[in-house]
1. Cβ neighbours within 10 Å, averaged per peptide: list A:280-290, B:105-115 in order, most packed at the top.
2. Of the candidates A:Y26, A:Y343, A:Y118, which one comes out as most mobile in a Gaussian network treatment of chain A with C-alpha springs shorter than 10 Å?
3. Expressed as a whole percent, how much of the Cα-Cα distance distribution for segment A:113-203 exceeds 19 Å?
4. Among B:L310, B:G263, B:F341, whose Cα projects farthest towards the positive end of the dipole of segment B:260-364, with charges put on the beta-carbon of Lys, Arg (+1) and Asp, Glu (-1)?
5. About its Cα centre, how strong a charge dipole does segment B:6-176 have in debye, to the nearest 20, once Lys and Arg get +1 and Asp and Glu get -1 at the Cβ?
6. Once R0 is set to 45 Å, what does the formula 1/(1 + (r/R0)^6) return for the Cβ-Cβ distance between A:Q25 and B:A369, expressed as a FRET efficiency to the nearest 0.05?
7. Calculate the translational D of segment A:6-176 in whole µm² s⁻¹ from Stokes-Einstein, where the hydrodynamic radius comes from the Kirkwood formula applied to all Cα pairs, the temperature is 25 °C and the viscosity 0.890 mPa s.
8. Within 10 Å of each Cβ in A:303-316, how many Cβ atoms from other chains are there, averaged over the peptide?
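Just so it is clear, none of the values below were taken in a lab; they were calculated from the coordinates. The shown structure was predicted, so the numbers you read here are calculated from the model rather than taken from an experiment. Ideal geometry is used to build each Cβ from the backbone, glycine not excepted, and the neighbour counts take in all protein chains shown.
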There are 2 protein chains.
Amino acid sequence: MPPPAAVVFAESTADVADAVRPASQYATPVIPFGVGSSLEGHLLAVQGGISIDVSRMNKVVSVNAEDLTVTVQPGVTRKQLNDEIRSTGLFFPIDPGADASLGGMSATRASGTNAVRYGTMRENVLGLEVVTASGETIRTGTRAKKSSAGYDLTRLFVGSEGTLGVITEVTLRLYPIPEAISAAICSFPSIEAAVRTTIRVIQLGVPIARVELIDTNTVRMVNAHSKLGLREEPMLLMEFHGSPAGVKEQAETVQEIASEFGGNAFEWAATPEERTRLWTARHNAYFAAVQSRPGCKVISTDTCVPISRLADCLLDSVAEADASGIPYFPVGHVGDGNFHFGYLLDPNLPEERVTAEALNHKLVSRALALEGTCTGEHGVGLHKMGFPVDEAGAGAVEMMRTIKRALDPKNIMNPGKIFAI
Amino acid sequence: MPPPAAVVFAESTADVADAVRPASQYATPVIPFGVGSSLEGHLLAVQGGISIDVSRMNKVVSVNAEDLTVTVQPGVTRKQLNDEIRSTGLFFPIDPGADASLGGMSATRASGTNAVRYGTMRENVLGLEVVTASGETIRTGTRAKKSSAGYDLTRLFVGSEGTLGVITEVTLRLYPIPEAISAAICSFPSIEAAVRTTIRVIQLGVPIARVELIDTNTVRMVNAHSKLGLREEPMLLMEFHGSPAGVKEQAETVQEIASEFGGNAFEWAATPEERTRLWTARHNAYFAAVQSRPGCKVISTDTCVPISRLADCLLDSVAEADASGIPYFPVGHVGDGNFHFGYLLDPNLPEERVTAEALNHKLVSRALALEGTCTGEHGVGLHKMGFPVDEAGAGAVEMMRTIKRALDPKNIMNPGKIFAI
C-alpha cells in the first residue's frame, strides 16, 4: 500500500478547511488521521491523496461541568480528556482499549468496555463540527441533551468513518465519577458458564458497568505479559459503579447468578491501583497474544448479537477455531453481546490467512443469522466491506451510497472505505 | 387547509408500498398518519396528496423478552405495547403523554417524562423497516445492541418526520419493570427553587426516572380537571425506579437537595393506583388548561437547553409571559432541560396569536443563545420551520435538504414539513 501523497498536520479547523478546499477542487482524496489506532484500515491511502493528521488539534476547548458536557478538538485522546477533567469530578466513560482520539472514536462509532452501562459514541456525542467535502464548516447538534430539530446529522457523521467529512470538534456527554467503583474477577468451569452468567445479568437489568470475558488461553497469555497470577480458567472481569450500597447490591446479585453457573467466589481488586492493573492487563490482551506467537499478524473479528444468542454464537465459533488449528484469542464485551476473536497468523504461511478469513466469514454469517451485526465497534473500513450488504440488504446499502454521493459528489472523503468505490 | 385527496388504510407493509409506488410515479405527496397526536402539523396535507393511515397496522410482531427487544407495526401505541408485554416483566419507558403510535414517536424522535433516565426514541429504536420514496422496502439496524456497520440509517429516519419514507416496522429496546417504583410530589416556594433543585439532582447524577415541573396556576387547573387536592404551589412530580434500597437512597438524596431550596417534605403516592392517578393528571395538564379557557386554541413551545441554563431560560420566559397578559401554562420535563409553555388563545382575538408567536420567538431565541434547541421532542413540522436555520446554521440545514433531495428526488414524502418546499 503506498503512503499518502502528502500529510497535512492541521492545527485548526481553518487548516482542515484550507486543505479540503483545494482537494475538492482537484478531486484529491482526503483521509482523516487521529492517532492511528483504527483496526480496519481506515487510515490507508488506498486511492492516494492527502492524509489530514489532526493529532495536533489536541485542546480541550471547553468544559461545562455543571451541564456534564465537554467540547474537544478531534485529536484529544480519551485518556488525555479524563486526565484534564479529573478535578471536575466527572469522567468520559467510553473506553475502546486503545488510547484513541475522540475524533476517531466518533468516526468509527467506538464503544468498548464501559458501553454496557454508558452506551457507545452513538449515545455520547452531543454535537460535532465538521468540514464537509466542499470545504465548508458546519455544526451539528447543540449542547441540549435532546432535540427533534430536523435530521440527526450528528449520528450520520458518528460512524461514517471519514467518508462524509472531517470531524474538527466534538461535544461529548460526561458523567459524575461514581461514588463507589469496585472491580472483581470471577472464574468459571467453562466459557459457557461465564457467558450464561452474563446473559442472566443483562436480562435482569443489573446496571453493571463492565463485564468482559477472557478464556483460559488468553488468561495464560495475559499472566505472562502483565506478570499477573490470575487463575487460568475462563473468567469474567467486572466493574460496578454506584453508591457504596448500590455497588454492594449489584455485586451480590451477580455473585449469586455466577454461583448458580458454577462460578467461584469473586476476587476483588482491593485498591484503585490494583483495579487499574487489571484493566490495563485486559487492554493489553491483544499485545499479550501477539507476544505469544512472535512475528505473527492478527486478524480481528467484531461481531455483536442479541444477548440471548451470545452463547450459541460464541461457543460454535470457539469450536470452529479450535478445530482449525490456528492460534487465536477470544475476548469480549459480552454484556453487549459483542466479542472479538484475534487469529494469530504466521505471515509466512499464507494458508493460515485463508483459514482465518474463512473462520471470520463463518463467524459473521452466524452472527447475521442470529440477528446480529458484522461489526459492533470497529467499523467497516477496508476489511469488512462485503458484509454490510449481507447484513442490511442491498437496498439499505444503496441508500447509504446515495447519501455518500449526495454529500461527497467527487468521492474525495476517505474513498474506498465502507464502500468499494 | 384542505383534507388529503385520499386516505389509504394500510394493513401491511405491502399495502404501504403499493400506495407509495404509484405516488412516486405520479409525484403525488404521501403523508404517513399514526393516531394523529402530532403537535406540529405533521399530518396536514399542505400540498394535497395521499394520507397513509397505518393505525390498522397495530400488531406486536415479536417479543424477544430474553433480549429485551420487541418488534411492532407502526400503528401500535405505547400503552397498547405495555399492555401486551406486561406478562414478560418488561416495559417500554418512552412516554410523551399522548397514547401516540410507535411509528409516529419514531418519526418525531419523541421522548417525554421518562427520558431523563431512559433516553428518547433516538436511544431506544434499534431498527426500522421503511418504505422509501421509490416504494422500495428496506431494513435498517439489527437486533444487536450496538453496531458500526456503515451509516446510521436508523437514526436518520428517527426524527425525519415522514419526509424520507414511511416507517412500517419498529424494533425497540425494552427494560425490566423496576423492582421498586415510587412517585412523590414536592412543593416549593417558587418555580426557581423547584428548578434549582432539579439542576442539582441532575448534576449529581441521581438516576431519577421522572422529574416534572408544574407551576401554581397549572396545579390549580389540574386540581379542577382531575379532582385532586394538590397544594397550589410550584411542584415537582417525581418518580424513582430501582431496587427498594436504591429507590430509598435516590429519594433521600433528592429530598435533601429539595430541603436546601425550601422544598416541603415529599408526599408519596401510596399505591400504584394513586401513582397512575398523579401521572394521568400530569398528562391531562394540557386538557385541564384548555378547559380553563373554554374554546381556546393552544400554541405550544418546546425548547430544551443545557441543564445549567434551565433557570435562566425558564424564569425569563415566565416573566415575559406574565407581562403579556396571555393566559398560559408551563410544564416541563425539567430533568432534560426541556419545558413547554402552552399559550391559551382566544381564536376571536387575532392579536393574541400575534403576541403568543412573538413570545415563542423570544423563547426560542433565548434557548438558542443558551446553546439549546428550538424543539426538544415535538419536531419541526410546519410551525417551527424557520428555527432550524437559526439553530444549526444554513450549512447544516442545506446538508439536510441535500439528503432529502437525494432520497426523495420528487419530494413526495410529507412535502412542506421541516423544510418549506
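1. So the peptides A:280-290, B:105-115, ranked by packing, come out B:105-115, A:280-290.
2. Checking each option, the largest mean-square fluctuation is seen for A:Y26.
3. Considering segment A:113-203, 57 percent of its Cα-Cα pairs are separated by more than 19 Å.
4. The listed residue farthest towards the positive side: B:F341.
5. In total the dipole reaches around 440 debye.
6. Calculated value: 0.80.
7. Approximately 154 µm²/s, per Stokes-Einstein.
8. Other-chain Cβ atoms within 10 Å of each residue's Cβ, averaged: 3.
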